[in-house]
Amino acid sequence: MKNIIDAYTSLIIRCAKIFLGKSYYHVSQPQGKHFFPNIIEGYFNDFTNKADWTGEIDSEGIPLVVLSNNKRIYFPIAIAQMALVHYEIWLENKQTYNKEYFLRLAHWLKDNQNEEGGWINPWEYLRPSCISNYSAMAQGEAISVMIRAHILTKDISFVDSSYLAFYHMIKPLDEDGCSYYSDHSIYLEEYPETPRSSVLNGWIYAAFGIYDLMLLTNDNEVKRIYQNTINTIERNLGSYDMGYWSYYDLHGVIASPFYHKLHITLLDTLYKTTNIEAFNTYSKKWTNYENNFLSRTKALGMKALQRLKNPGAVTITK
């Protein structure tokens, strides 16, 4: 009984923070100010609203995530996004601190990449259905960090680490990788689980990392994987459309307002990098859903019911 009460208490606190705009993980993330198609400069979307880290850090200044079970962990996604925050700020102001902190985080990612080429995520607590603790989203965002670190430093070891991350990402799920293969399609899984969930935002972030590696290296194998997974996203977009809102994943989880808005931004960015009209079509369609009072209200109600049925046992608190 206590566990159930704790889970719902955590859910209420989390929802209140999101509603009041106090949730660090649900701040606005528009398209990056320094993003341009076909060149590597700023990141694809703007994480700078996450610059004010309110959680804990270790003695080297590396962010530590605190879970609701009081465990303190390194979360590769949070670390990669913090690195991209400071890279974006450095592009704006050219302050030495931001460049140095970006590189410190980039070095942490490179130095803590394991022999498999990956980074361990806390899915055993946050997503117990996962069959491994790797994540295509973590792999992709880390690649984007290390590619930019290479551009700044000319250190080829960052490219080597990017390739290791790429090859681990595209391993099949049954080989402890992050990709699901079916009918010549490649799904990049934020959460490796069966049946696959194919979380849309995590899939796109993973693809962004491959795009950066492709631009840097002009590697034909990287190009092939990128084009395949982009075409797979295109073919599957209809499965994320509820008719009045978007799904977060293919398990039928309804997107929160934050993730629905993020979907729109990410699809618009994909359109600019690929010129595939479907991304533009769905970006506009989902914008119309967001702007429609009845659609938004229905989605909020359905999402609330869904969360009440499954509040989640362990969450990130800060």
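The values are calculated or read from the model by the stated rules, or taken from the named source; none is laboratory data. These numbers come from a predicted model, not from an experiment. Positions of Cβ are backbone-derived with ideal geometry, glycine not excepted, and every protein chain shown enters the neighbour counts.
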Q: For residues that are free of Cβ contacts under 8 Å to residues at least 40 places away in the same chain and of a type in the set (D, E), scanning just segment 110-128, find the one that is surrounded by the most Cβ atoms within 10 Å (Cβ to Cβ).
A: E124
(Q) Let me confirm something: among I143, I156, I147, I131, which residue is over 17 Å from I62 (Cβ atoms), without any contact (Cβ under 8 Å) to a residue 24 or more places away in the chain and aliphatic (A, V, I, L, M)? (A) I156
Q: Out of the residues in segment 40-80 that are part of a loop (DSSP other than H, G, I, E, B), of a type outside the set (V, I, T) and in contact (Cβ under 8 Å) with a residue 60 or more places away in the chain, state the one that is surrounded by the most Cβ atoms within 10 Å (Cβ to Cβ).
A: Y43
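Specify which of the listed residues (T229, T217) is modelled with pLDDT of 95 or more, more than 20 Å from the chain's Cα centre (by Cα) and among the β-branched types (V, I, T). If you could, list the steps in order and put the result at the bottom.
Working: T229 fails: more than 20 Å from the chain's Cα centre (by Cα).
None of the others qualify; the one that does is T217.
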Q) Which condition breaks for N45 when tested against (1) over 19 Å from the mean Cα position of the chain (by Cα); (2) more than 20 Å from T315 (Cβ to Cβ)? A) (1)
Q | Residues of segment 106-131 satisfying the condition of being under 17 Å from the mean Cα position of the chain (by Cα), of a type outside the set (D, E, K, R) and over 16 Å from Y163 (Cα atoms) | A | I120, N121, P122, W123, L126, C130
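Going by what's in this entry, would T269 be described as among the β-branched types (V, I, T) and surrounded by fewer than 20 Cβ atoms within 10 Å (Cβ to Cβ)?
No; evaluated as a whole, the condition is false for this residue.
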Q: Of the numbered conditions (1) touching a Ser or Thr at 6+ places or on another chain (Cβ under 9 Å); (2) outside any helix (DSSP H, G or I); (3) of a type outside the set (A, V, I, L, M, F, W, C), E88 fails exactly one; give the number of that condition.
A: (2)
Q. Which residue out of V85, V145, V159 is surrounded by 24 or more Cβ atoms within 10 Å (Cβ to Cβ), of a type in the set (V, I, T) and in contact with a helix residue (DSSP H, G or I) (Cβ under 6 Å, 6 or more places away or on another chain)?
A. V145
Q: Might you let me know whether segment 94-109 holds any residue that is under 24 Å from G140 (Cβ atoms), touching a residue at least 24 places away in the same chain (Cβ under 8 Å) and in contact with a Pro (Cβ under 9 Å, 6 or more places away or on another chain)?
A: yes
Q.
Just the residues that are charged (D, E, K, R) and under 21 Å from L200 (Cβ atoms), please, taken from segment 116-167.
A. R127, E141
